[in-house]
1. Give me the strands (runs of 3 or more DSSP E) completely within segment 299-402, filtered to those with at least 1 residues that are under 22 Å from residue 241 (Cβ atoms) and modelled with pLDDT under 95, ordered by residue number.
2. Look through segment 204-219, keep the residues that are surrounded by 15 or more Cβ atoms within 10 Å (Cβ to Cβ) and in a helix (DSSP H, G or I), and return whichever of them is farthest from the ligand (Cβ to nearest atom).
3. If we scan segment 241-253, do we find a residue that is farther than 24 Å from residue 96 by Cα, within 16 Å of the ligand (Cβ to nearest atom) and surrounded by fewer than 21 Cβ atoms within 10 Å (Cβ to Cβ)?
4. Being over 24 Å from residue 43 (Cβ atoms), in the same structural domain as residue 122 (by TED's automatic domain parsing) and within 14 Å of the ligand (Cβ to nearest atom) is the requirement here; does residue 177 meet it?
5. Please verify whether segment 23-30 includes one or more residues that are crowded, with 20+ Cβ neighbours inside 10 Å, within 16 Å of the ligand (Cβ to nearest atom) and over 16 Å from the mean Cα position of the chain (by Cα).
6. Within segment 268-281, identify whether any single residue is in a strand (DSSP E or B) and closer than 26 Å to residue 349 by Cα, and answer yes or no.
7. Looking at segment 90-102 only, could you name the residues that are within 16 Å of the ligand (Cβ to nearest atom) and either within 22 Å of residue 138 (Cβ to Cβ) or modelled with pLDDT under 95 (or both)?
8. Does residue 201 fit the bill of being in a loop (DSSP other than H, G, I, E, B) and either in contact (Cβ under 8 Å) with a residue 40 or more places away in the chain or surrounded by 17 or more Cβ atoms within 10 Å (Cβ to Cβ) (or both)?
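The values are calculated or read from the model by the stated rules, or taken from the named source; none is laboratory data. Just so we're clear, the structure is a prediction, and the values are computed from it rather than from any experiment. Note: ideal-geometry Cβ built from the backbone for every residue, glycine included; neighbour counts use all protein chains shown.
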Ligand code: PLP
């Protein structure tokens, strides 16, 4: 490795995660939520496997088009969009837009006439690991009214979407929103409106410190909810984290150690601001698996923090690592393929991680492995990696307005 911090993405693990989805939910189309990791090599691998995409801005669809993705198959799921972005996406060929307000209906009617619109339902009754929900979505009656308004201004009432919140460890969290979808469908039927699509959102979990429930458990709840709808619909999911988190290992260097009030601190060249923002978002509850280069038999608990002079920069409290870990040693942080570098800033003048994508042959070797070895397995892809497919820095995303 030339320098740290570096995020290594194993594209074969992305492919394996995608296949796990299509195996568990064969009748449901996957629209990858590219916001969580828009690296072109990740997008390209998923595109090649047949994945579709979900976007939150016009810049995202423009990036997808450069990779040969058909905009007609892209869902623009951000319920509130700048008018200029709607216009750019519509001109590009995007025809499926989410919304949850009358204001948005007016904007869409004006700059994306005739488009298929998807109302966003509220779905935040169950706590998720990374609480991101609560901002969007309306109740059943409002959803019915909004779709009727959409029809009255020449838009096509097309579907219903919801998002249960990221890292959702409770499969039954999909049950209540799907009941609400059923109610919306029934009420719309009395007005002569039939919907085509149910968008089940993202929220499917990745493995951090403990394995989450298996995907088939989620598929079962979803299947039950869909089969209770008054008529068949096309169903899609928008996974982000579940497809790419476990494919990433962030390697960082220990830049200093300290003993403060009896507590051992390790300072790394990566922290919440330049790569691990979700530490901050979750109050340090997202337990990334961590390993160090010493792998010493004598262990100690450390607080793992970042390089800035800001005390909010801490990644994890009480992580067990080699007791003799010291400046210059290296730490590997697993499950860092999603919502990491894409959130990163150069706050305090510290570099954001370079990103390197490899193909390790993971699927063939590890497909049958149990969850524990999966956790350990994805902490060391460098040792197993095959050809290096691409190397780029995140300047790419910034240059592309993301
Ligand atoms: N769909 C929508 C509308 C979202 O807002 C998000 C994440 O914020 C996702 C999908 C992806 O979520 P996750 O990465 O938890 O699968």
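1. Values: elements: 299-305, 316-322, 330-334, 354-358, 388-392.
Of the strands (runs of 3 or more DSSP E) lying wholly inside segment 299-402, those with at least 1 residues that are under 22 Å from residue 241 (Cβ atoms) and modelled with pLDDT under 95 span 388-392.
2. 219
3. Quick first cut of segment 241-253, residues farther than 24 Å from residue 96 by Cα only: 244-253.
Those left that are additionally within 16 Å of the ligand (Cβ to nearest atom): 244-248.
Next, from what is left, pick out any that are surrounded by fewer than 21 Cβ atoms within 10 Å (Cβ to Cβ): none.
Checked segment 241-253: no residue is farther than 24 Å from residue 96 by Cα, within 16 Å of the ligand (Cβ to nearest atom) and surrounded by fewer than 21 Cβ atoms within 10 Å (Cβ to Cβ).
4. Working: over 24 Å from residue 43 (Cβ atoms): yes; in the same structural domain as residue 122 (by TED's automatic domain parsing): yes; within 14 Å of the ligand (Cβ to nearest atom): yes.
In short, yes.
5. First, the residues of segment 23-30 that are crowded, with 20+ Cβ neighbours inside 10 Å: 25, 30.
The next check asks that each one be within 16 Å of the ligand (Cβ to nearest atom); those that pass are 25, 30.
Pick out the ones that are also over 16 Å from the mean Cα position of the chain (by Cα) and you get 25.
Yes, segment 23-30 contains at least one residue that is crowded, with 20+ Cβ neighbours inside 10 Å, within 16 Å of the ligand (Cβ to nearest atom) and over 16 Å from the mean Cα position of the chain (by Cα).
6. First, the residues of segment 268-281 that are in a strand (DSSP E or B): 268.
Next, from what is left, pick out any that are closer than 26 Å to residue 349 by Cα: 268.
Yes - at least one qualifying residue is present in segment 268-281.
7. Just the residues of segment 90-102 that are within 16 Å of the ligand (Cβ to nearest atom), to begin with: 94, 96-101.
Selection gives 96, 97, 98, 99, 100, 101.
8. Details: in a loop (DSSP other than H, G, I, E, B): yes; either in contact (Cβ under 8 Å) with a residue 40 or more places away in the chain or surrounded by 17 or more Cβ atoms within 10 Å (Cβ to Cβ) (or both): yes.
The answer is yes for residue 201.
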